[in-house]
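Below is one structure, written out as structure tokens; the observations come after it.
The values are calculated or read from the model by the stated rules, or taken from the named source; none is laboratory data. All figures in this text were calculated on a predicted structure; none of them were measured in a lab. Virtual Cβ from ideal backbone geometry, glycine too; neighbours counted across all protein chains shown.
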């Protein structure tokens, strides 16, 4: 199963806030399944959604932006749109 593994995270307040956005509740997995935020940060860095210096908080900010219909692109996609 996907999503953020709620049971393994120390930022439960931020995750609760994400769940309260409505559609964000589908990103939280409370069945002790899903991915850790550390893993998701590393994946987001690899795919260019956040920089190498960014942290879990920046990833959560990007997720909040996306949930508020503010487009979030990978740096790789931004290069395509600039051409």
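Worth a mention:
- Unmet criterion (only one of (1) over 14 Å from residue 3 (Cβ atoms); (2) at pLDDT 90 or above) for residue 40: (1)
- Against the test of being in a helix (DSSP H, G or I), touching a helix residue (DSSP H, G or I) at 6+ places or on another chain (Cβ under 6 Å) and either on the phi < 0 side of the Ramachandran plot or surrounded by 15 or more Cβ atoms within 10 Å (Cβ to Cβ) (or both), the options 24, 13 yield a single qualifying residue, 24.
- The set of residues from region 27-38 being buried (at least 17 other Cβ atoms within 10 Å of the Cβ) and in a loop (DSSP other than H, G, I, E, B) comprises just one member, 34.
- Count of region 4-18 residues which are more than 17 Å from residue 58 (Cβ to Cβ) and modelled with pLDDT of 75 or more: 4
- Residue 55 being in contact with a helix residue (DSSP H, G or I) (Cβ under 6 Å, 6 or more places away or on another chain), on the phi < 0 side of the Ramachandran plot and free of Cβ contacts under 8 Å to residues at least 60 places away in the same chain: no
- In region 51-60, the qualifying residues are those that are within 10 Å of the chain's Cα centre (by Cα) and over 14 Å from residue 27 (Cα atoms), and the one that is surrounded by the most Cβ atoms within 10 Å (Cβ to Cβ) is 56.
- Remark: pairs (first residue in region 38-50, under 15 Å from residue 71 (Cβ atoms); second residue outside any helix (DSSP H, G or I); Cβ separation under 6 Å; 6+ apart in sequence or on different chains) = 48/74; 49/74.
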